[in-house]
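Before any comments, here is the structure.
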């Protein structure tokens with residue numbers, strides 16, 4: 001079976017400093033990969049390199065496109081990469097403000113990706129927007145409200161709806177539950193789990209919260225100082241950590 | 001005899017603007033940057049249109065200047081006098097007799113011919129500006145033909161107002177490629193953007209020129225279920241009785257009385273001269289200036 | 001179905017001066033389809049540890065663990081995920097669930113993950129919960145607030161929802177009253193009858209005798225405890 005994403009030796013340097021280095025892995029359809037590490041571990045740098053927001057200094061990121069097979073997105077032309085970003089890929093930012101248009105209504109936010117791929121029937125666009133708002137548990141009567149009128153959790157769910165409306169196959173998430181209240185986090189994680197399963201999504205989730213990866217990720221990569229120090233099944237890495245740093249991380253988590 | 005170079009601008013500047021115009025005509029609807037000059041009127045008063053007119057005028061041209069359809073407003077008069085003084089060209093109020101027409105926010109009712117040039121004054125050339133403030137990003141969107149955001153604007157209109165509420169500066173797609181702001185002309189004028197004349201658009205403060213060559217396809221953006229409609233007030237002109245021209249609304253007394261009249265003064269005068277009279281009109285006489 | 005060959009395991013605790021703790025040496029066993037093997041031995045003998053290694057939850061230091069055609073000790077994460085979905089079930093000692101998911105959804109999940117329709121999955125979940133005497137009024141609640149015994153029964157319902165060819169059961173009857181214990185044992189027998197290979201840990205002698213065909217004392221594989 002062809003991997004959906006094939007990452008080979010990705011490295012990004014800031015002068016002499018390592019952003020991330022020697023990262024390789026394969027991701028298959030329906031798999032969720034968690035990337036954990038503390039601040040400065042390189043996890044966000046890695047995510048941005050994979051998602052095309054940063055240009056890596058070395059390595060390849062091959063994606064199984066619908067029509068052209070495995071293509072290296074690092075060397076793709078910008079128009080193609082931007083098109084990928086609107087259709088097959090999605091990016092959920094930590095702060096909803098970075099992933100939404102705050103001066104456009106919720107319906108307009110969700111409909112934008114549809115209009116960007118030539119949806120031209122207002123009523124149909126609106127119907128799809130209402131459907132997606134429902135799937136992320138936002139009431140249909142909020143469709144014309146601006147995101148500025150939403151709570152943090154709702155904004156984040158709106159961001160997810162906006163990203164998933166075109167049926168992407170790969171979702172990048174950067175601390176999707178960061179900054180949200182605990183109960184709101186739980187609801188969001190439920191939602192993500194359900195959507196990942198229903199839509200057979202693959203996802204790469206960067207977080208510093210081990211509870212989030214345990215819930216969402218099938219596989220886990222632990223990063224420290226720009227390198228991957230351990231990788232494997234999520235429950236195995238968390239229950240039987242091998243590397244000193246992973247053991248430290250796991251033992252530091254407060255139990256409730 | 002004046003102390004000015006012909007049409008105020010020096011020859012090198014005119015060449016630079018003409019090169020820009022040629023590029024704009026070669027890429028219909030594409031905003032071409034140009035080195036906008038300091039003009040003897042402030043930004044926001046038509047400096048872009050004036051520079052374009054100055055670059056295309058020749059001594060044999062006949063110039064018409066209108067402001068919201070009228071030849072006799074202060075600004076139209078000022079600009080017309082400016083070119084009389086600096087270029088010595090003939091001037092006219094009759095659309096049919098002009099070879100160059102500079103306009104603010106209207107297209108004349110009378111169809112233009114292949115030998116006519118119309119120059120539009122443009123405040124904000126970028127149709128996506130109010131949704132995407134970054135110039136870097138809008139340039140990318142144009143170059144990659146990523147216009148989803150434009151339809152978001154129309155979507156927002158319908159969701160807030162029940163219909164596409166944009167009444168002027170209604171965005172269009174030119175020759176199936178570039179989305180363009182046609183300047184703040186009423187949407188009623190949009191169909192006229194497909195014409196036999198040459199159309200030049202100048203934005204002085206924003207330093208952009210764009211153009212539409214004759215017989216170019218210009219389509220107003222819409223949704224399949226909310227098609228574009230060039231609407232106007234549902235009245236006839238009170239002075240000449242025309243049903244098909246864009247109307248200004250004039251309050252005539254302090255009891256709410258109002259009269260609708262053609263915004264295009266030349267069109268109205270021509271009709272009245274031919275004997276048409278509206279409900280408020282009197283038969284045509286030569287008016288005092 | 002399940003073949004464990006010469007398996008050893010040590011833990012290295014880097015943050016405690018790299019202390020190495022060997023916990024298993026040379027463990028071997030076989031379980032055929034339709035058989036139930038009980039792991040016995042004192043606490044700390046490595047029963048749960050071996051079970052976790054078979055499930056892939058713990059790494060194996062050396063040796064091989066075949067479940068069907070897959071060597072869990074060497075398999076890629078992807079293969080183990082597929083194995084866990086379709087072949088190998090695990091009922092652990094404690095119920096671990098995503099917060100705020102209803103009991104019905106918890107039990108239905110293994111079926112949904114293997115492509116069963118939502119309607120069928122939920123119906124099977126209902127049947128199992130009924131059989132295990134979980135009252136219907138609890139079905140829409142999250143099991144995190146249930147009593148220990150109720151949680152264990154939900155855990156079992158989830159473990160038996162999908163007909164796995166291989167099952168690992170860690171103390172399935174602990175904290176159950178006699179009626180429910182009997183139900184669980186019946187369910188295990190049914191699984192055996194349909195050909196599942198089962199490894200179980202039972203502190204309850206009676207339960208062990210009732211359903212297990214063989215026993216294996218893990219003490220002999222525990223360094224320091226072996227005679």
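Shown is the FRET efficiency for residue B:41 and residue A:54, computed with R0 = 56 Å from the Cβ-Cβ distance and rounded to the nearest 0.05: 0.75.
What does the C-alpha gyration tensor say about the overall shape of chain B? Classify as rounded when a/c is under 1.5, otherwise prolate if a/b is larger than b/c, or oblate. Taking the square roots of the gyration eigenvalues as a ≥ b ≥ c, chain B is oblate. Under the rule a/c < 1.5 gives rounded, and otherwise a/b versus b/c splits prolate from oblate, where does the range A:136-201 land using the Cα gyration tensor? The shape class here is oblate.
Mean per-residue shielding of peptide A:230-242 is 5, counting Cβ atoms of other chains within 10 Å of each Cβ.
Ranking of C:35, C:190 by neighbouring Cβ atoms within 10 Å, starting from the fewest: C:190, C:35. Seen through its C-alpha gyration tensor, with square-root eigenvalues sorted a ≥ b ≥ c, the protein assembly as shown comes out prolate because a/c lies at 1.5 or above while a/b is bigger than b/c.
Derived value for the range A:129-256: Kirkwood hydrodynamic radius 16.0 Å. Basis is the mean of 1/r over every pair of different alpha-carbon atoms. Take the alpha-carbon centre of the range B:127-196, take the same for the range B:31-96, and report the distance between them in whole Å. Taking the Cα centre of each part, the range B:127-196 and the range B:31-96 sit 26 Å apart. Think of it as helices only: each DSSP H run of n ≥ 4 in chain B is worth -39500 (n - 2.57), and spread over all residues that comes to -7500 deg cm²/dmol at 222 nm.
Rounded to 0.05, the FRET efficiency of the residue A:16 and residue B:167 pair, given R0 = 51 Å and the Cβ-Cβ distance, is 0.30.
Could you tell me the center-to-center distance, by alpha carbons, between the range A:89-153 and the range C:1-37 in angstrom? So the separation of the two Cα centres works out to 51 Å. Using the alpha-carbon atoms, what tilt in degrees (0 to 90, nearest 10) does helix C:178-193 show relative to the longest principal axis of chain C? So the inclination is approximately 70 degrees. Return the FRET efficiency for the residue pair residue A:9, residue A:95: r is the Cβ-Cβ distance, R0 is 30 Å, and the value is rounded to the nearest 0.05. Calculated transfer efficiency: 0.45. DSSP bridge analysis restricted to the protein assembly as shown gives an antiparallel fraction near 55%, rounded to the nearest 5. Relative to the longest principal axis of the Cα atoms of chain C, the long axis of helix C:77-86 lies at roughly 40 degrees. Placing dummy labels 7 Å off each Cα toward the beta-carbon, the span from residue B:130 to residue B:85 is 3.6 nm. From least to most packed, judged by other beta carbons within 10 angstrom and beginning with the fewest, C:199, B:212 follow the order C:199, B:212. Cβ-to-Cβ counts within 10 Å put B:173, B:85 in ascending order as B:85, B:173, the fewest first.
Calculated mean residue ellipticity, 222 nm, chain C: -11000 deg cm²/dmol, from DSSP H runs (n ≥ 4) at -39500 (n - 2.57) each, averaged per residue and rounded to 500.
Label-to-label distance for residue B:279 and residue A:242 is 9.0 nm, based on points extended 7 Å past Cα in the beta-carbon direction. To test your reading of the geometry: what angle, between 0 and 90 degrees and rounded to tens, separates the Cα axis of helix C:103-113 from the longest principal axis of chain C? On a 0 to 90 degree scale, this one is about 70.
Taken together, the values in this text are just the output of simple stated rules run on the coordinates, not laboratory data. Please read these numbers as outputs of a predicted model, since none were measured by experiment. As a convention, Cβ positions derive from the backbone with ideal geometry for all residues, glycine included, and neighbour counts pool all protein chains shown.
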